[in-house]
Each structure stands twice: as structure tokens, then as C-alpha cells.
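Where a number appears in this text, it was derived from the coordinates with a stated rule and is not lab data. Only a predicted model underlies this, so the values are computations on that prediction, with no experimental measurement involved. Every residue, glycine among them, receives a Cβ derived from its backbone with ideal geometry; neighbour counts consider all protein chains shown.
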Amino acid sequence: MRNLAEQDHLDVGDVRRNRLLSVLPAEVMARIEGALKPTLMKLGSVVYESGVQPDYVYFPTTAIVSLLYVMEDGSSAEIAIVGNDGLVGISLFMGGLSTPSRAVVQSEGWAYRLRGQLLKDEFSRSGGIQLLLLRYTQALITQMAQTAVCNRHHSIDQQLCRWLLMSIDRLPVPELTMTQDLIANMLGVRREGVTEAAGKLQKAGLIHYSRGHISVIDRVGLEARCCECYTVVRRECDRLLP
């Protein structure tokens, strides 16, 4: 009996669920389609460690991966998230090969895996895929920069709103399975701060939180309570990517 990660494409959805794959030039897709492998990404699993050259890139369809910067004492903070809007492993085609960040699955789901060398070969051909990947990288850099600003200047309430909105944008339904400890680790704050912030959002009727399960009930209200960082990142992503 095959395990979930070995099932065929029809069982896990079309490649078009990933924003980048959906707009690849036809000739590029024809060359790599057979090499795209559906992969189940389990909650908490490490996609790659800091300083290690990954062998594969991943195009999430229903999973979300957090990019974390880890300090020497083991503490960490999220610098960006990747979902169905992009890919994990930009260092492979940007020439750096490795990165000081760690990639961890934040929300369990599916992704398409591709050998890194194949993507590097396509990138080297220039043309449409090179421009697309460079524009995605610019959008990701914007997200990283805005996250740094947000974590420095905005309240935990606002940071949590931004994080929730960016996460559900990359999921098929506005629901997350995530403990407060994990959220605190992502935001780089104390668990008590997340507990208080989540309690305020729930009391306001914006979210429902119970035993690690978060449902966004009022998205409009959540956006109104959020800082400008979410809008900046979303607009830049929409501007750069088809």
C-alpha cells in the first residue's frame, strides 16, 4: 500500500494551486512537469537547516513553511512565510546555495518537490522563468523587511493580526492548527503576550481559538485592527506576481 507522499498528482490537487507553477511558461512546464513530485509536509518538520545546501525546492499548494532565523542560544523568530504564493529554496537559483535561515513547516499540507539542479538549469536558460523567480524573490525580500519593521515598532496584537492574515491568505480555508507556544516562537515574543493578544481578538469576535485550532471569523475586522505591514506586503506581492 502506498503512503500519502507517494500518491499521484490527482490525489493532491493540480499544480495550478501554486501561484508560481500556475504561470510558468508552457515550454518550461513541459520540461519539468514529470519531475514535480507531490510531497506531504508534516507539521513541525524541518525542510532545511541553516547553512546547509538543500537538494530540492518546494512549491507549496496547501502547506505553509516558515523561514526562521535562529540565534546561537537557540531562540528564533520568523522572517517570512511561504505558501501557495511561492517556493522554498530561493538560495539555490540566487547563487548563494545555502542560507542562515531554517525552514520549518508551520501548517501541514502538500507541496510539489523539484530537484534543485533542474530549477537552476531552467533559471540559467533566462527568459520568462528567470524574470518570474526574480520578481518572487523581490516580493519575499519585501516581506522580510516589513516583518523586521513590524516586530520592532508594532504591538503584539498587530503582529498577530498580520501573521494570521498572511497565513490564511496561503490556505484553502481560514483555519490554522497552531499552539500558542509555536506562534510565540514564530513572532519571537513570550507566550503570555500571544495568549493575551489572542484573547483580545477572540473577545472582539474576530477569531475563535480552542486547543491549538484557530479560525478567523471576521477577516474585515482583523484587517482593520492590523498595522499597515500586511497591506504593504500584499500589494507588493500582487504587483510583482501575475
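A Förster distance of 30 Å, applied to the separation of the beta-carbon atoms of Ser75 and Asp238, puts the FRET efficiency at 0.35. Of the residues Ile214, Ile90, the one with the fewest other Cβ atoms within 10 Å heads the list, and the complete ranking is Ile90, Ile214. Straight-distance candidates among the lysines for linking to Lys42, with alpha-carbon spacing under 25 Å and chain neighbours fewer than 8 residues away dropped, are absent. Taking the empirical scaling 2.2 N^0.38 Å for compact globular proteins as reference, the chain has a Cα radius of gyration ratio of 1.00. Each residue in Lys42, Lys37 was given a count of other beta-carbon atoms within 10 angstrom of its own, and listing them fewest first yields Lys42, Lys37. Could you tell me which helices of the chain pass both thresholds, a Cα extent of 27 Å or more along their own axis and a mean Kyte-Doolittle hydropathy of at least 0.0, with helices taken as whole DSSP H runs? The answer, listed by residue number, is 128-153.
Neighbour counts of other Cβ atoms within 10 Å put Thr39, Thr177 in the fewest-to-most order Thr177, Thr39.
Computed across segment 12-114, the Kirkwood hydrodynamic radius from all distinct Cα-Cα pairs reaches 14.0 Å. Net length available on complete extension from Glu108 to Ser215 is 37.0 nm, with 0.36 nm assigned per residue and the Cα-Cα distance removed. Taking N as the residue count of segment 155-226, its C-alpha radius of gyration divided by 2.2 N^0.38 Å amounts to 0.96. Straight-line reach from Lys120: taking Cα to Cα under 22 Å and skipping same-chain neighbours fewer than 8 places apart, the lysines in range are Lys37. Each Cα pair under 8 Å and six or more residues apart adds its separation to the average, and for the chain the resulting relative contact order is 20 percent. Approximating the spin labels as points 7 Å out from Cα along Cα→Cβ, the Gln53-to-Thr177 distance works out to 3.6 nm. So what is the diffusion coefficient of segment 63-146 in µm² per second by Stokes-Einstein at 4 °C and 1.567 mPa s, using a Kirkwood Rh over Cα pairs? D, rounded to a whole number, is 94 µm²/s. For the pair Ala148 and Gln117, label points projected 7 Å from Cα toward Cβ lie 3.5 nm apart.
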